[in-house]
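Below is one structure, written out as structure tokens; comments come after it.
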There are 2 protein chains.
Amino acid sequence: MAAGVAKDAGGDPLVLVSNRGPVEHTRTSGERTTERGRGGLVTALAGLAGHFDGAVWVCAALSEEDVAVTREHDGAAFDLEGGGPALRVRMVELEPEAQHKFYAIFSNPLLWFIQHYLWDLSDTPDITRREIDAFDNGYAPVNALFADAVAEEVEALGGRATVMLQDYHFYLVAERVRARCPDAFLYHFIHIPWPHPDAWRVLPPGVREALFKGVLGNDVVAFHSGSYARNFLLCCQELLGLRVDLDRHTVDVGDRTVAARWHPISVNPEELEAAAASPAVADHVRRLAKKRREHLVLRVDRADLSKNILRGFRAFDTMLDDHPEMAERVTFLALLQSSREDVDQYVAYMEKIQQLVADVNGKHGTDDWQPIELDLGGDFDHVLAAYKLFDVLVVNAVFDGMNLVAKESVLLNERDGVLALSENTGAFEELGGFAVALHPFDIQQQADAMFAALTMDAQERRSKLEACAAIVRANDIAKWLREQLRDVRRLSERGPKR
Amino acid sequence: MAAGVAKDAGGDPLVLVSNRGPVEHTRTSGERTTERGRGGLVTALAGLAGHFDGAVWVCAALSEEDVAVTREHDGAAFDLEGGGPALRVRMVELEPEAQHKFYAIFSNPLLWFIQHYLWDLSDTPDITRREIDAFDNGYAPVNALFADAVAEEVEALGGRATVMLQDYHFYLVAERVRARCPDAFLYHFIHIPWPHPDAWRVLPPGVREALFKGVLGNDVVAFHSGSYARNFLLCCQELLGLRVDLDRHTVDVGDRTVAARWHPISVNPEELEAAAASPAVADHVRRLAKKRREHLVLRVDRADLSKNILRGFRAFDTMLDDHPEMAERVTFLALLQSSREDVDQYVAYMEKIQQLVADVNGKHGTDDWQPIELDLGGDFDHVLAAYKLFDVLVVNAVFDGMNLVAKESVLLNERDGVLALSENTGAFEELGGFAVALHPFDIQQQADAMFAALTMDAQERRSKLEACAAIVRANDIAKWLREQLRDVRRLSERGPKR
């Protein structure tokens, strides 16, 4: 059971649904390896199992070995070995072509770009037969497969269960589960921004309405921030003509009422600190400390277009232009994890990043100083070490559902480092008051903010960092779970069906 | 006095404000020529003068000869010669560099792109010193010059006047006029879309708030559609924390209440029909009729990124792929007017258009058939002739405040032509029920819609066209003016200051 969460969700069992599950199977030299997922979200969700009367997690069989395991169980749920509360796992095998259409065409980039305002609307996207096919023969049937798997599990549990759906891959699941299991309580947490109504106009009306009707099959739709919940309600009103209550945060769908809620996700401080205390991290710290310059600016991101990596480097370039005294005294270390390399836009974005880094280093660098150091290794121990050592952490995302890097980094930093945080992140609602605000489109402002953060008075740096860390500790991932469990308890008790 | 508009605006005089005024002066071979503006909006606004007790129009001195005339009058207002009600004109001379920053950097592309959702946010725009300078030393001082000119005119008229501001160039005028002339009634009509709050986050908070505070200096802010008015109120609530009433469409600013209104602009049918009856148009009709194929698809647009010209051609390409029987039987005539050639994005867009036309013509064309005919001449007589002859008129704008081409074309067409209209135009609210709807991002849907329109039953074509024309006749530009005058009458009578 996750620390700080009381067992309070009532007597129903739990069915969790996410694309990536709590375990991955691989095969090396003939041996099967079973690895439990690391990372805050998977651990936290697994911890939820302890609050329910039985739990099963429905997820995709992602690796070849996952598929083999799934087939060995004839597609049925199996017990998950290892620590934590008792949890069964049901993996859903997807036909590779449907999986590709579901994941690499429709979910990414189409939905992801819509929800982060990333389309260049005068020219992209083109909705063609390919995109419609990706919905009809990818997203929709994969969602149907998941819904059927969930419904079978709910039925096997006697028809009453709390179903907790994760993220934008499963907008069509709830409606179909509800049709088969009217006594299930359906709770969908969406981890990315929910945009204003006009952003959805990119999709053909039929597809758009199918997605919204699907999501509205839930009892609760939850987000990381109040503005996303509000946008969701405004969409229901404007795009579907439904009656919404912007004060009570509800939308009426036929004779049901769907609640929009927001609970900012967070990290597990104990788990993070334990990971950061490892010898491997200490090795990285020694190496980084030895080669560091006076100032270390850090960013840690998936190489995603929403992260605003180009403007971050342009701002650093501008700061070096404006402050030649900083030459050779500062390094911008960018730990980027490559992402979605099967999607054209991401390949092009990475090329732009590498060209820009070469340009800035060519312009400002010297024989023994590279202003920007780009690392695509994706080693989490390296990340943890860098968290300890930065002077300024840059999170300048264009739009970002939450941004957990901001929360992780302030817990681990040991140099009174300053968090420079985009006002368009979910995290800004909590941490903005003690961060240096970044306006993500404003190169000059970001350059000025970087310089201000680097030259800030030591006392102010310390008090800001301490305040940020205290906020994250008080609003940890256990609280995020508690608030969802409270929703389940309160909202599942009322309404006609319970 | 415009036809159909009763003199009902009360006893105050009128001060009109727009960038382009009702007259342009030029000099050819030593002679000054004074040309009254053509086009529905200028004529309609000039007609407003007859409803007020005196009228003065404040506008920019755009041509060299405008500047000469302005200097001859020492910057003061002068009588406008020619037909129509008595009207004085005051031209504001702008320093060329400030004019460039005001118009070609800040207003276009920055504001225009924000309000049409055209920025490619992962990479553009960069707000740099250049953009901030364009606001500080372009948009803001030009707005101040206009505000001071307006205030002087209001004071000369005794301090009471109705001030009617036009469009997105003058967001800072009302607040400054109100400070000097508290008894003026300020009415701002915005002719382009008003986007959702997140679109405004492209601007630094200081600039964004200055613009909103400026606009909220008005008594009424008016738009072409209810959704723009609603977005405006949502912005006031979300970005400025003001109290709004989404049912009464008002926003409270200190002790004042600002009303959001919407009145769809239209055309003047009589004027348009008179223009279309000219011998020059008849010449164009003969020439077009002689060379036409069985089917004529037409588009008429400024070459603006909001107009969705690329996807229109891609859809036509797809239609030719899907229906080889259409080869050599159809021409897509695109009458495009080049636009904003001093803005990089427009130059690049025109290059993309020309490349795409060459590609499609190379792929489908034959020795004596070019599927797409691109005409950049910008001859309005040619446009009027083409309106008479099209079988399908394509308006597939990404987003468009109103789109008057849709309204003009249905009045003049003589072949039971079908209007294929983007659901993201202001005009769709009125005409959508009798048009073939276009989903502007959906290439396949547009291709299918073009084919459906081209092959539609003659009876259905006729009844749709007649219904569209009847709607435009009933909702003409005189009605647009009447509704604004009614706002002035009703809203200027209440409130503490009158």
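FYI, it's all coordinate maths here, none of it is from the lab. Quantities reported herein were computed from a predicted structural model and do not represent experimental measurements. For neighbour counting, all protein chains shown are included, and Cβ atoms are generated from backbone atoms with ideal geometry for every residue, glycine included.
Summary table
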| quantity | calculated |
| --- | --- |
| Cα centroid separation, the stretch B:463-495 to the stretch A:412-462 (Å) | 51 |
| Surface/4 of the Cα convex hull for the stretch B:224-369, nm² | 14.5 |
| Anchor B:LYS407: lysines whose Cα lies under 19 Å away (excluding residues fewer than 8 positions away in-chain) | B:LYS307, B:LYS388, B:LYS464, B:LYS479 |
| Cβ-Cβ FRET estimate between A:SER338 and A:ARG27, R0 fixed at 22 Å, reported to 0.05 | 0.35 |
| Radius of gyration and Dmax over the Cα atoms of the protein assembly as shown, both given in Å | 30.9, 94 |
| Distance histogram for the stretch A:35-84 (every C-alpha pair counted, 5 angstrom bins, percent rounded to whole numbers) | 4, 16, 27, 27, 18, 8, 0 |
| Taking all pairs of distinct alpha-carbon atoms in the stretch A:277-475, Kirkwood radius in angstrom | 16.8 |
| Neighbour-count order for A:THR33, A:THR331, fewest beta carbons within 10 angstrom listed first | A:THR33, A:THR331 |
| Spin-label pair B:ASP136/B:ALA86, simplified geometry with 7 Å Cα→Cβ offset, distance in nm | 4.6 |
| Proximal aspartates and glutamates to A:LYS101, defined as alpha-carbon separation beneath 12 angstrom and excluding residues fewer than eight positions away on the same chain | A:GLU131, A:ASP133, A:ASP136, A:ASP342 |
| In degrees, nearest ten, helix A:477-493 long axis to first principal axis of chain A (Cα) | 20 |
| Per-pair calculated FRET efficiency, R0 = 51 Å: A:GLU423 and B:ALA358 via Cβ, rounded to 0.05 | 0.70 |
| Longest to shortest principal axis, alpha-carbon extents of the stretch A:332-413, angstrom | 36, 35, 23 |
| Shielding score for A:438-449, defined as the mean number of other chain Cβ atoms within 10 Å | 5 |
| ³J(HN,Hα), Karplus 6.51/-1.76/1.60, whole Hz, each residue of the stretch B:147-158, x for Gly, Pro | 4, 5, 4, 4, 4, 4, 5, 5, 5, 5, 8, x |
| Across the identical copies, how the B:ARG180 labels are spaced - nm, sorted shortest first, 7 Å along Cα→Cβ | 7.2 |
| Estimated translational D of the stretch A:73-219 in µm²/s (Stokes, Kirkwood radius over Cα pairs; 37 °C; 0.692 mPa s) | 200 |
| Nearest 10 degrees, 0 to 90: helix A:344-364 Cα axis against chain A principal axis | 10 |
| Amide N proximity, the stretch B:268-282 versus B:ARG473 label position 7 Å along Cα-to-Cβ, cut-off under 15 Å | B:268-274 |
| Label 7 Å beyond Cα on the Cβ vector: A:THR33 copy-to-copy distances, nm | 8.1 |
| Between the stretch B:150-164 and the stretch A:48-119, the Cα center-to-center distance that results, in Å | 68 |
| Exercise: per-residue mean of other protein chain Cβ atoms within 10 Å, B:192-201 | 4 |
| Copy-to-copy label separations for B:GLU423, where each label sits 7 Å from Cα toward Cβ, in nm and ascending | 3.4 |
| Calculated [θ] (222 nm, deg cm²/dmol) that DSSP helices of n ≥ 4 give over chain B, each run adding -39,500 (n - 2.57) | -12500 deg cm²/dmol |
| Largest to smallest principal axis extent of the C-alpha atoms in the stretch A:3-152, angstrom | 51, 41, 28 |
| Evaluated at q = 0.11 Å⁻¹: base-10 log I(q)/I(0), Debye formula over Cα of chain B | -0.98 |
| Residue-averaged beta-carbon neighbours from other chains (10 angstrom radius) around B:225-233 | 1 |
| Theoretical FRET efficiency, 1/(1+(r/R0)^6), r = Cβ-Cβ of B:GLN370 and B:ARG243, R0 51 Å, to 0.05 | 0.30 |
